[in-house]
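Coordinate-derived values only; no laboratory data. None of the values given here were measured: they were computed from a predicted structure. Cβ placement follows ideal geometry from the backbone for every residue including glycine, while neighbour counts extend to all protein chains displayed.
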Amino acid sequence: MKKVWTGLALFLASVTLLWAQENKQITWEYHLSKTALQPGDEVDLILTAKVEKGWLLYSSDFVADVGPQPTAFEFVSNGTFSPVGPVVPVDPLTKKDKTWDLDVSYFTKRAEFRQKVRIDKLDYFFTGYITGQVCHEKKGLCVPFRQAFNFDPRNAQ
C-alpha cells in the first residue's frame, strides 16, 4: 500500500511540475494603439502573446465543438470601458487539422489580438481572462490555460 501512495504522490508531483513548466509556453503583453484618451474615444486594446519555439496557440476565429480549443477573451465590466465588437486576430496561419478533420487558425512565435474599446471614464483600466490551448505538435502535447489579466495603461512602461 505504501508503494501505491508513493507512486501516486510522484505522479501528482510530476503532473504539477509539467503543468507549471508547460504553462510558461506563452506570455502576454498589453498596450493601446494610442494614448492621451478622453471619455468617448475608441481605441484598440492590443493583446500580444509570445509563443515559445515548437508550440502553437490556437486563434480565436474558428468554432470547434470538439478538438482544439480556440483562444477566448472575457473582459470584466468595471465601468471604465466598453468593448466594441469582437476580438480580432491579426494574420493567423490556417491548416486542416488531420486529427479532428477541422480547419483551424493558429499562431507560432507571436500572436496578436485586437479588441476595439470605447473609453467611458478617464481613469480607465482593463481586466479579464484569456482562455485557450497551446500545443506542441512534435511532442503531441496540448495544454489548456486560463489566465487573468490586469492592464492599467497609467502604470505601463
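Table for the structure above
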read-out	value
Summed side-chain charge close to Val104 - residues other than Val104 whose Cβ falls under 14 Å, Lys, Arg +1, Asp, Glu -1	-3
Packing-based order for 118-131, 91-104, using average beta carbon neighbours within 10 Å, highest first	118-131, 91-104
Backbone HN-Hα couplings from phi across region 30-42 [Karplus 6.51/-1.76/1.60, Hz, Gly and Pro as x]	9, 7, 9, 6, 8, 10, 6, 9, 10, x, x, 5, 10
Ser59 long-range amide H proximity, modeled H, under 5 Å	Thr71, Ser105, Tyr106, Phe107
Distance between modelled label sites at Lys121 and Val88, nm, 7 Å Cα→Cβ extension	2.8
Alpha-carbon Debye profile of region 62-157, log10 I(q)/I(0) at 0.10 Å⁻¹	-0.35
Magnitude of the charge dipole, region 59-156, Cβ model with Lys/Arg +1 and Asp/Glu -1, debye to 20	300
Flagged links, alpha-carbon separation over 22 Å, of Lys24/Lys95; Lys53/Lys95; Lys95/Lys138; Lys24/Lys53; Lys96/Lys138; Lys53/Lys116	Lys24/Lys95; Lys53/Lys116
